[in-house]
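Just so it is clear, none of the values below were taken in a lab; they were calculated from the coordinates. Every value quoted in this text rests on a predicted model; they were computed, and no experiment measured them. Because the Cβ atoms are built from the backbone with ideal geometry, glycine has one as well, and the counts that use them run over all protein chains shown.
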Amino acid sequence: MNVVREFGRSILVLSIAGLTVLFEMHAANLAQSSFYLAKSTLYSAKVPSSAATSDSTTGSESVDQPVVTPDYVLPPITNKLVPVLNRIPTNQRVVFLGIDDGVTRSDDALNLLAKSHVPVSLFLNDVNVEHDANYFKELQSSGAIVENHTTNHEDLTTLNYANQKQEICANADRFGLLFDRRPTIFRPPYGSYNQITRRAAADCGMRVLISWSAKANGGSMQYQDGNTGLKPGDIVLMHFRPEFAHDFKAYQDAVKAAGLRTASLEDWLK
Ligand SMILES: [Zn+2]
């Protein structure tokens, strides 16, 4: 009897594995033809977990993990100031990754991001993008979403309202044209901001100002608030630097060690 039961169980497991592969192939096709459409459809339809795990935005991290639905509501702009977050309050076992500036543009970074399917937001400056727009368009076509990090990467707290607004609005307008999507999330250079920055960001159409709660830096992880590992809702900061591969590995190892997965900032900050 035990042998029969084991055999039956094996057939069931194989069937589920086969279905998962089919779903993944289907999702890969969807993602290729229309990344944004595939992504929003999968989330809004609240599909069963077997299909949701095939979401190309979560890729290799999501295999065998249950579907996650954004459970955070971004506060509205109040008194003409955008809300500020350094992490996202969530009960889901997710973390978020933002990669900044765009100074070092290596094939390593292109290949790793495309292969891993980790959903990332890129906080870029015009001064870096203008040198090599196709590089970032290639990242975008593999799923990355480009957000606002100002035109010239200046410390905004040294600028008046008009100049802060120029730094933020010009970046959003330029990227809107270049990437066919105007940024909605703003990260100030150096994490440095004041109330004027929050107002300028709101006036430029940004919905939120974010900083970070952990970093992948110099090939290892750095945590804030005395933490020794990633916690749900952490926003991790990384950069396009020569050590990209080491930083990205440190990040992925930390995500795995904490039993978390990467989710898209844009999904949680609607
Ligand atoms: Zn920066």
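Multiply the residue separation of Y161 and K80 by 0.36 nm, subtract the distance between their alpha-carbon atoms, and state the gained length in nm to one decimal.
That works out to 27.8 nm of additional length.
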task: Please give, to one decimal in nm, the separation of the simple spin-label points placed at Y72 and A258, each 7 Å out from Cα toward the Cβ.
output: 1.1 nm
task: May I ask you to compute the full-extension gain from A170 to N194, defined as 0.36 nm times their residue separation minus their alpha-carbon distance, rounded to one decimal in nm?
output: 6.7 nm
Spatial separation of Cα centroids for the range 174-203 and the range 88-145, in angstrom: 16 Å
- line: Most packed first (mean Cβ within 10 Å per residue), the peptides 172-178, 146-152, 69-75, 195-201 order as 146-152, 195-201, 172-178, 69-75
statement: Under the Karplus relation with 6.51, -1.76 and 1.60 and θ = phi - 60°, whole-Hz ³J(HN,Hα) for the range 185-198, x at Gly and Pro, equal 10, 10, 10, x, x, 6, x, 9, 8, 9, 5, 4, 4, 5
- prompt: If packing is taken as the mean number of other Cβ atoms within 10 Å per residue, what is the order of 117-123, 154-160, highest first?
  reply: 117-123, 154-160
